[in-house]
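Participant: The structure is given below, and queries will be raised subsequently.
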Amino acid sequence: LGFIGLGSQGAPMARRMLESGYEVVLWARRPESLVPFDGTPAIIADSIAALGAQVEYCAVCVVDDAGVRQVCDALIPSMPAGSCIAIHSTVHPALCRALAAQAKSRDIALIDAPVSGGGPAATAGTLTVMVGGEQHAVDAARPIFATFAATIAHLGEVGAGQMTKLVNNTLMAGNLGLAHQALRIADDLGIARDAFVKLITASSGRSFSFEVCARIAQPTDFRHGAQLLAKDVRLLGETAGADAAFDTLRDAAASF
């Protein structure tokens, strides 16, 4: 197996694969990303093409569309026929469909499998994987996903995993907006904040986003996470086109 994209989420995913007994080949643009794998059985490749030539499966967990395109443009020509690529990055569904067509021309299956849960869930093996792709490829990848995930959902053809992740993250962004406004109005009404937060987290208005919002002093404290969510809201808008349901989610997210 190959793994490319050893960031805060990808690195523990790759480690879980290693710890489950798989032989794993790694490549990283930054040498420091490989340091945590010193002393492990991981094999280090000196290029994407060299990795591709050694594996029958490769996971890609880089940051954005440009990174996924760059990796796959080098990976697809180097992998053997009958192999599989899993895109764990959150990117545009159309990119995954285009790459799947490119891979299919070389008899390589490409599935999109964005993940949710972050580094702690990857370390614990409790990530959620949202998968789009042909059934045979998803079935073959499922035991690999199970090394780092507790929930694996096959949602349709290639691109369905990305669309699901974008809807999920846009819903979270909208919930953050609603939670932020709920906290604001509670403050405006003079309600004791700590007591209010405790009450809501035990009541019907509770949500994961409310708990996140309640832990931060102001929205700017969530700058990095907000930037990633804003990217996903934008991608969903590009995917959905003119859709009143998207407009509602976007407007709620904008209030955060």
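The values are calculated or read from the model by the stated rules, or taken from the named source; none is laboratory data. The model shown is predicted, which means the values in this text are computed figures rather than measured ones. Ideal geometry is used to build each Cβ from the backbone, glycine not excepted, and the neighbour counts take in all protein chains shown. Side chains included, ligands, DNA and RNA excluded: accessible areas come from the protein's heavy atoms. Shrake-Rupley method; radii C 1.70, N 1.55, O 1.52, S 1.80 Å.
Participant: Heavy-atom accessible area per residue, the range 101-220, 1.4 Å probe: how many Å²?
Facilitator: 48
Participant: I'd like the carbon and sulfur percentage of the solvent accessible area for the chain, probe radius 1.4 Å, heavy atoms only, ligands and nucleic acids excluded.
Facilitator: Using a 1.4 Å probe with all protein chains present, the chain comes out at 56 percent carbon and sulfur.
Participant: Another question, then. Residue 19 to residue 46: extension gain in nm, 0.36 nm per residue of separation minus the Cα-Cα distance?
Facilitator: So the extension gain works out to 7.5 nm.
Participant: Over the range 113-209, what number does the Rg to Rh ratio reach, with both radii from the alpha-carbon atoms and Rh per Kirkwood?
Facilitator: 1.15
Participant: Could the peptides 75-83, 128-136, 1-9 be put in order, highest first, of the mean number of other beta-carbon atoms found within 10 Å of their residues?
Facilitator: 1-9, 128-136, 75-83
Participant: Only four residue types carry charge here, +1 at the Cβ of Lys and Arg and -1 at the Cβ of Asp and Glu. Report the dipole size of the chain about the Cα centre in Debye, rounded to the nearest 20.
Facilitator: Rounded to the nearest 20 debye, it is 320 debye.
Participant: Same structure, new question: Which one of 226, 9, 37 has its Cα pushed farthest toward the positive end of the charge dipole of the chain, where Lys and Arg give +1 and Asp and Glu give -1 at the Cβ?
Facilitator: 226
Participant: So what are the ³J(HN,Hα) numbers for the range 26-33, from phi and the Karplus equation (6.51, -1.76, 1.60; θ = phi - 60°), rounded to whole Hz, Gly and Pro as x?
Facilitator: 10, 9, 9, 5, 9, x, 5, 5
Participant: Based on DSSP H runs of at least 4 residues, each adding -39500 (n - 2.57), what is the mean residue ellipticity at 222 nm of the chain after dividing by all its residues, to the nearest 500 deg cm²/dmol?
Facilitator: It lands at -15500 deg cm²/dmol.
Participant: Given a Förster distance of 45 angstrom, what is the FRET efficiency for residue 204 paired with residue 146, based on the Cβ-Cβ distance and rounded to 0.05?
Facilitator: 0.85
Participant: Quickly work out the residue 124-to-residue 69 label distance, labels modelled 7 Å from Cα along the C-beta direction, and quote it in nm with one decimal.
Facilitator: The modelled label-to-label distance comes out at 3.7 nm.
Participant: Quick one: if the Förster radius is 25 Å, what FRET efficiency do residue 212 and residue 244 give, using the C-beta to C-beta distance and rounding to 0.05?
Facilitator: With a Förster radius of 25 Å, E is 0.40.
Participant: Counting only DSSP beta bridges with both residues in the range 1-157, what percent are antiparallel, rounded to the nearest 5?
Facilitator: 10
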